[in-house]
Every structure is written in structure tokens, then in C-alpha cells.
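Participant: Let me begin by handing over the structure; questions about it come next.
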Amino acid sequence: MIKHSNTKINKHLKIIGIFFIVNIYAQINLANEITTRFKTIKIACIGNSITAGAGASDREKKGYVGIMAEMLGEGYDVRNYGVSGATTCRGTHKSYVDLPAFMEAKEFQPDIVTIALGTNDSQPKVWNADNFAENFEKDLVFICDEFINLSSKPTVYLCIPIPIVPN
């Protein structure tokens with residue numbers, strides 16, 4: 001679990017499980033019930049292949065981002081910025097911050113951000129390489145800060161990574 005002493009970050013950062021997207025739906029719906037009548041709520045979903053919808057028969061509609069968009073309905077603009085193979089740590093072969101999706105998600109100026117990274121990072125061949133494990137928390141906080149500091153001041157939901165099995 002990420003512990004960050006910066007109260008500005010703690011105010012905007014919530015840690016959740018990726019399979020508890022229904023909880024995100026309930027929290028967002030309750031918190032923004034009145035607001036949705038006046039403004040479209042923009043949600044940016046950041047992550048790896050799980051966010052991108054890998055394994056779903058229809059990535060756009062049957063991945064968790066598509067299901068969340070359908071559940072939320074009108075009043076929400078939910079966009080998928082998932083990239084297969086993306087990792088959290090900077091300086092790796094597919095660091096999320098070095099991908100076009102990272103800049104596109106920030107330019108979207110979302111009101112809400114879900115970050116589902118870490119599964120690719122957890123692979124032993126990646127996690128045990130160099131000082132990768134030492135930098136994971138720092139680099140994840142960097143990504144969170146990049147979104148929290150946007151002019152749209154989004155709430156950030158940090159999803160617990162799905163483990164790689166069987167290891």
C-alpha cells in the first residue's frame with residue numbers, strides 16, 4: 001500500500017481494488033448526482049492491458065472501462081487510456097509516463113482518474129531487475145501527482161494491481 005505524507009495527495013487519492021468498479025460507480029454517482037445535471041463528468045482510466053480490455057470479446061464495450069461507462073450512462077465521458085504491457089516505473093521498456101496515452105489522458109483534463117498499473121511491474125523478471133522495486137512507490141506517486149496537479153483537480157482512484165498467476 002502506498003503511504004504518502006503529502007496531505008494534498010491523500011485528499012485526492014483513494015486506493016481500491018480493480019474488481020470493485022461497482023464501488024467506484026456508487027461513489028461517483030452519489031458524489032456527483034446533482035453535478036451531472038449541469039456538467040459532463042470526465043473520467044480517465046489509466047493502466048495496462050487489463051484497462052485496455054485484453055481478453056474481452058469486445059475490448060471497447062466488455063472490458064471494465066466499457067462496462068463502467070455503460071453503468072454510469074449519460075453525464076459521463078469515460079475514456080480508456082490503457083496500454084498493453086505498460087509499467088509504472090520510469091526508465092523501463094514500457095513506462096506509462098513515456099507513452100502517448102499518458103499525455104493524452106492529462107490533456108483530457110479529467111475530473112476523475114482511475115490508475116490500474118502494477119501487474120506488469122510485479123513479474124519477477126521485472127521486479128527483481130536493477131533497482132526497480134526501490135523505485136516503484138516513488139514512480140507511482142509521480143504518476144498520481146501528475147494527475148492531481150492538473151488544473152481540473154481530479155480525484156484519483158488507485159486500483160490494487162491484479163496479481164500475475166501462478167507466481
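The values are calculated or read from the model by the stated rules, or taken from the named source; none is laboratory data. None of these values were measured; they are calculated from a predicted model. No Cβ is skipped: glycine too gets one built from the backbone with ideal geometry, and neighbour counts run over all protein chains shown. Quick note on the areas: whole protein, heavy atoms, side chains included, nothing else; ligands and nucleic acids left out. Shrake-Rupley method; radii C 1.70, N 1.55, O 1.52, S 1.80 Å.
Participant: Within the range 65-96, take every residue that is farther than 18 Å from Pro110 by Cβ and open to solvent by less than 50 Å² (accessible area, probe 1.4 Å) and give me the one that is modelled with the lowest pLDDT.
Facilitator: Looking at residues that are farther than 18 Å from Pro110 by Cβ and open to solvent by less than 50 Å² (accessible area, probe 1.4 Å), I get Thr92.
Participant: Also: Could you pull out the residue among Cys159, Cys144 that is in contact (Cβ under 8 Å) with a residue 40 or more places away in the chain, in contact with a strand residue (DSSP E or B) (Cβ under 7 Å, 6 or more places away or on another chain), in a helix (DSSP H, G or I) and open to solvent by less than 10 Å² (accessible area, probe 1.4 Å)?
Facilitator: Exactly one of Cys159, Cys144 is in contact (Cβ under 8 Å) with a residue 40 or more places away in the chain, in contact with a strand residue (DSSP E or B) (Cβ under 7 Å, 6 or more places away or on another chain), in a helix (DSSP H, G or I) and open to solvent by less than 10 Å² (accessible area, probe 1.4 Å), namely Cys144.
Participant: Let me spell it out: the conditions are (1) within 17 Å of Asn48 (Cβ to Cβ); (2) in contact with a Leu (Cβ under 8 Å, 6 or more places away or on another chain), and Asp121 meets all of them except one. Which number is the exception?
Facilitator: (2)
Participant: Also, I was wondering about something else. Tell me, yes or no, whether the range 120-133 has at least one residue that is in contact (Cβ under 8 Å) with a residue 60 or more places away in the chain, buried (at least 22 other Cβ atoms within 10 Å of the Cβ) and under 29 Å from Tyr76 (Cβ atoms).
Facilitator: Within the range 120-133 (the criterion being in contact (Cβ under 8 Å) with a residue 60 or more places away in the chain, buried (at least 22 other Cβ atoms within 10 Å of the Cβ) and under 29 Å from Tyr76 (Cβ atoms)), the answer is yes, since at least one residue qualifies.
Participant: If you don't mind, there's one more thing I want to ask. Of the residues Lys153, Lys138, only one is more than 12 Å from the chain's Cα centre (by Cα), farther than 15 Å from Ala86 by Cα and in a helix (DSSP H, G or I); which?
Facilitator: Residue meeting the stated conditions: Lys138.
Participant: Given (1) open to solvent by 40 Å² or more (accessible area, probe 1.4 Å); (2) at pLDDT 95 or above; (3) β-branched (Val, Ile, Thr), identify the lone condition not met by Ile164.
Facilitator: (2)
Participant: Return the residues of the range 51-63 that are surrounded by 19 or more Cβ atoms within 10 Å (Cβ to Cβ) and either farther than 29 Å from Lys138 by Cβ or modelled with pLDDT under 85 (or both); say none if nothing qualifies.
Facilitator: Within the range 51-63, Ala52, Gly53, Gly63 meet the criteria.
Participant: Can you name the residue in the range 33-47 that is open to solvent by less than 90 Å² (accessible area, probe 1.4 Å) and either at pLDDT below 80 or among the aliphatic types (A, V, I, L, M) (or both) and, of all such residues, is farthest from Asn80 (Cα to Cα)?
Facilitator: Ranking the qualifying residues of the range 33-47, first place goes to Thr35.
Participant: I'd like the residue in the range 97-119 that is open to solvent by less than 10 Å² (accessible area, probe 1.4 Å) and in a loop (DSSP other than H, G, I, E, B) and, out of all such residues, is modelled with the lowest pLDDT.
Facilitator: That would be Gly118.
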